[in-house]
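Since the structure comes first, as structure tokens, the remarks are kept for the end.
The values are calculated or read from the model by the stated rules, or taken from the named source; none is laboratory data. As the structure is a prediction and not an experimental result, all values here were calculated from the model. Note that each Cβ is placed from the backbone with ideal geometry, even for glycine, and that neighbours are counted across all protein chains shown.
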Amino acid sequence: MRVKLTKKLIDASSPALRREKLVLWDSSLRGFGIVIRSSGKKTYCIQYRDARNALKRLSIGEHGLITLDEARLAAQKLLSQYKSGELVEARVKNNIFFDQLAESYLNKHSLQYKRDKSVLEDKRLINQFLLVTLRLRIRD
């Protein structure tokens, strides 16, 4: 639902049914909204489409911990970063991907504390079962 978000409206809003969530979108800033859960938790968010046209929702902060005005400013900044192409790079740069985590495990634990045969078995299991869905391989 697209409405003018105000503190009074947010405080008064709750989902109609127990197991639902209510999403209110701001009419003045496209892509900015608040998710209101049946538990009472209210989280500010932005929504956009990525390069593959998949719908992405990014949480900004919880209502009460940040104000509506602070969330709106953060949303403007994040949406402008997205439009200029900076948001995707910032999100990817800060994430640790599973292949990096697996390689770190092999280097910091497996190679130091296991025998050669066990290290090879760890590499085989990671490559065959864990990374196969991601289509990644740990270098030998």
*Could we say that residue 69 is among the charged types (D, E, K, R) and in contact with a Lys or Arg (Cβ under 8 Å, 6 or more places away or on another chain) here?*
no
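Please indicate, with yes or no, whether at least one residue in the range 31-41 is surrounded by 12 or more Cβ atoms within 10 Å (Cβ to Cβ) and either without any contact (Cβ under 8 Å) to a residue 12 or more places away in the chain or on the phi > 0 side of the Ramachandran plot (or both).
Let us first name the residues in the range 31-41 that are surrounded by 12 or more Cβ atoms within 10 Å (Cβ to Cβ), namely 31-38, 41.
Among the residues that remain, those that are also either without any contact (Cβ under 8 Å) to a residue 12 or more places away in the chain or on the phi > 0 side of the Ramachandran plot (or both) are: 31.
Looking for residues that are surrounded by 12 or more Cβ atoms within 10 Å (Cβ to Cβ) and either without any contact (Cβ under 8 Å) to a residue 12 or more places away in the chain or on the phi > 0 side of the Ramachandran plot (or both), one finds at least one in the range 31-41, hence yes.
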*Looking for whichever is modelled with pLDDT of 80 or more, surrounded by 16 or more Cβ atoms within 10 Å (Cβ to Cβ) and in contact with a Cys (Cβ under 9 Å, 6 or more places away or on another chain) here; the options are 75, 102. Which one fits?*
75
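Select from the range 45-61 the residues that are surrounded by fewer than 13 Cβ atoms within 10 Å (Cβ to Cβ) and not aliphatic (A, V, I, L, M) and write down the one among them that is nearest to residue 3 (Cα to Cα). Can you show your working first?
Within the range 45-61, the first condition is being surrounded by fewer than 13 Cβ atoms within 10 Å (Cβ to Cβ), and the residues that meet it are 49-55, 59.
Among the residues that remain, those that are also not aliphatic (A, V, I, L, M) are: 49-50, 52-53, 59.
Details: 49: 21, 50: 24, 52: 28, 53: 25, 59: 19 Å.
Across the range 45-61, the extreme among qualifying residues is 59.
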_Filter result (polar (S, T, N, Q) and either in a strand (DSSP E or B) or farther than 19 Å from residue 27 by Cα (or both)) within the range 52-83_ = 53, 59, 81
*State which residue pairs qualify: first residue touching a residue at least 40 places away in the same chain (Cβ under 8 Å) and inside the range 45-70, second residue β-branched (Val, Ile, Thr) in any location, beta carbons under 9 Å apart, and separation of 6 or more residues or different chains.*
63/10; 63/34; 63/36; 63/43; 68/6; 68/10; 68/34
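If you take the residues of the range 108-126 that are closer than 16 Å to residue 98 by Cβ and charged (D, E, K, R), which of them is surrounded by the fewest Cβ atoms within 10 Å (Cβ to Cβ)?
108
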